[in-house]
Each structure stands twice: as C-alpha cells, then as structure tokens.
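Each reported figure results from applying straightforward, stated rules to the coordinates on display, with no laboratory input. For clarity, every value in this text was computed on a predicted model and none was experimentally measured. Note that each Cβ is placed from the backbone with ideal geometry, even for glycine, and that neighbours are counted across all protein chains shown.
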Amino acid sequence: MAEAKHTRTIKLQLMVLGATKEERTAEWRRLGGLLEKARRAKNCYMTFCYGQDGLVDRVYHHREAKTKEERAAIKKEIFDLVKNKSLYGRLERNAAEKEVRERFPDLPSCITNPMCSVEWAVYHNERDGVRAGERSLRSYKRGGAIAIAIGSIGFEADDKGHRVNWNLGRKGPPFTFAVVYGQDKGGFRRLVQAIIDDELEWGTPNIQKRKRDGKLFLNVPIKEPERSHALNPDLVVGVDVGVNVLAYAGLSEGPARWCYGSEGEQRVFRRRFQDRQWELAKAVPASRGGHGRQRKVKAMDSIRDKERCKVTRDNHYVSRRIVDFALDNGAGTIRMEDLSGIHEDLRNRWLYRNWNYYGLQTMIEQKAERKGIQVEYVPPAYTSRTCIHCGHVDKKSRDSKDRTKFVCTKCGAKEHADYVGAVNVARRGGGNAKRLGKAAERKGEKKEAFEEQEASMRRII
C-alpha cells in the first residue's frame, strides 16, 4: 500500500546575487521586466480566448443557429476556412499560445508553457460565468505569482547556504538567487536540503514579486508523508472563539486546555491601527500632489495591509495550534460554535467588524481535514452560562465586570469563562450541527434543541 502524503506550499524568500551592487541592480531590473511581460502575456491569453468565443458566438447569431446540429455544421465550416483548425475547438489552446508567443517573443518557454496550461484551465472553468454576465473576465495585476517549469529550477548548497538557479534557455542568461530563511520558524532549511538530497517530492513552482514591499518569493509545492495518529472519535476538542481571547480550546473529557491571546489584546491592537488610519485620513485633504489619489492614500493602504496581515498571521498560528492540540490528545473531532447570522445583529457593529471568526474557523476546517479530524458546529446558546461540573444554567454565573471569570451560583465552581464555553461546546451533540442550528433558528426550536443537548451533557457529567 502506497504511503499517504499531503501537499503543502512553502514560501522561500529569494535575493538576487551579483558581484557588485551595479550587477545586482541590473539583474533585478531584468527580472522585473521579465515578470511584467509574463503578467501582460497572461492577460493577453485570457483576452484572446474571450475574443475567439465572441467571434464564434457572433457567427452563430448571424446564421441564427440554435440547435446543436446547426452549430456543429458552422464549426466545421470554420475549420475548413481556417484549414489549421486553430480558431475554435480542441486546438483553440494552440491558437492562444501562438498569439502569446508572437506578441511576446522574449518570454522563455519555461514561462509560456506552464502559463498557457494554467490559463487554459482557468478560463474554461470561469467561461460560463463570464458569458452569462455573472462575473468579469479575469485580469492579473502586478504582484501576482507566475508559474514556471519545474525543469528550469535547480537547488544547490554551498558554504554560504542554499542557492536557486533559474535557467531561461536560449532567451537569456540564468538567474541565481540566494535563499533567505530568517528565523526559519517553518523549518524551510531542512525541507530545501531534503529537495537537494532527492528525499522530498516537489511540484511546479511559481515566482512572485510582492507589490507592497518588492520582496521576491519562490512558492514550491511539496509532498510530505502523513504522520499516523491514533484518534478517538468520541474525544472532542471544543473551541470557543472570542475577541479578547482569540481562541480557547478544551477537551470534552480531561483537564487539558490551550488558549491564545490575553484580555483586550485583540481589541487594543485593532484600535491602534484604526486610530492611525483615521489620523492619516484627516490629513489627506491637506496633502500635496494634485488630484492623484494613489500617493495620498499610500500610507493608509499600508496601515490597512499591516492590520490584515496581522489578523491572517494570528489565525494561521491559532488554527495550527488547535489542530496540533487535538492530535496530541488523540481527539478525532473538533467542535465550534455556529455563528452564522450573527452579523445581522447591529447592536455592536464595532465587535462584528473587528472579529474575523469566519476566517479562523475556515482555517481550522482546512488544517483538520488534512489530518483526518472531523469538524462539527453546534448552536452557541447558553454555552457560556452552563456549569461544566454540575450542569446548572444561570446568567449570573458570569461576572458582569470581569468577563473572564465564571463562578457557578449553585456549586461554587470557579473556572475561566472561555474554558467553560469551550468544554460546553465539546460536550454538545454533533452531527451536521451547522444545518441543525439554522433549522432550529428558522422554526423557533432553539429551546427544545438546547434542552435535548443539555440532557446529553448531564449524562456525560
């Protein structure tokens, strides 16, 4: 039986090499021009495919062809007219690729070949939506990734570290890059060495020059063997997501727990970024620069990007740690609260605008699926008011001043409020709980669903 493997992409930062500063600057400009031509070639490919479809549709309309047989006859007539059959049909890809090669003769085949393969699949997946007016024709802006042939990339190691060689064939001299690892928290140095030693499979990479800071990256998909874990499907990890404590994880059985974020940390960080954006926005009307918008709001866009990157980075870290927490404890199921529709409540707009719970839950789903862990959703009603020791439900158990404290009014048990919510989420009934929660909300059966799940929690206690 073949060993199970999963695919993930590692992001390697590259630095252009050269003997002098002038040589490095020249190589960097040559690389920038090459990537810009590749971006324009991708847009040219998409436009050409769309134009061919529009031309054939125009012929159909002019001939009033409505049936499949009439359109097939017209298509055969077009084939006979063109002779090389490159206008439409199976060879439409060849015509688009020929157009790209004629308009961009300086592009090497290590870029055009994978680019045409990718864009052909992308266009035909989105083609019906474009022609129906449901979406716009895809266009590529600066800063996007450019696919390159795997045979043109080579990794090597020397005394100074790891190097990446990109061979352009007859279109120009090769590029040589140094790999910058930094703190290497992801262990990329070990993975690149495994690629050099032919111990790790890797696929077609792509190169990207990020627009916001100009940094260069090589994105390499790799295949790693799956680690076997003995998972118990009856042992559940409950996750309580919040604004102050970003996520709190607890087991349905056992004292193990994990949390990320301190009281008010997320709120303070959000306000700091947004206050800075507001200050910059007030200064925009007084700034110089004519009527141009881009230069005036550049600082605002930079602050907004930093805030977005911080949120995404935290969500990736938290989701990975929660999945690792489930694996370390042998839990086969992760349960979270079904918070769909919560944005319809406009009483606390600031909270919902600054709480990216959906992105965090989506990342947990994706990472858990790779490890074979099931993800379920349960209704959130009364999870923060139910004692995990005696099952008593009381709103007064939560401290009105300190929202992190939970003191049961019946048995006197003291716990962290978010930990109580996580354990209650873990002990609630599973199944397709997301659909159950929406159906209960529509039919007005929240109370019955809660009583049924409360009874199951009492049996566990």
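Details
- Summing charges over all other residues whose Cβ lies under 14 Å from the Cβ of Glu102, with Lys and Arg as +1 and Asp and Glu as -1, gives +2.
- Among residues other than Ala41 with Cβ under 12 Å from its Cβ, the summed charge is 0 (Lys and Arg +1, Asp and Glu -1).
- Alpha carbon centroid spacing (whole Å) that separates the stretch 1-49 from the stretch 317-337: 35
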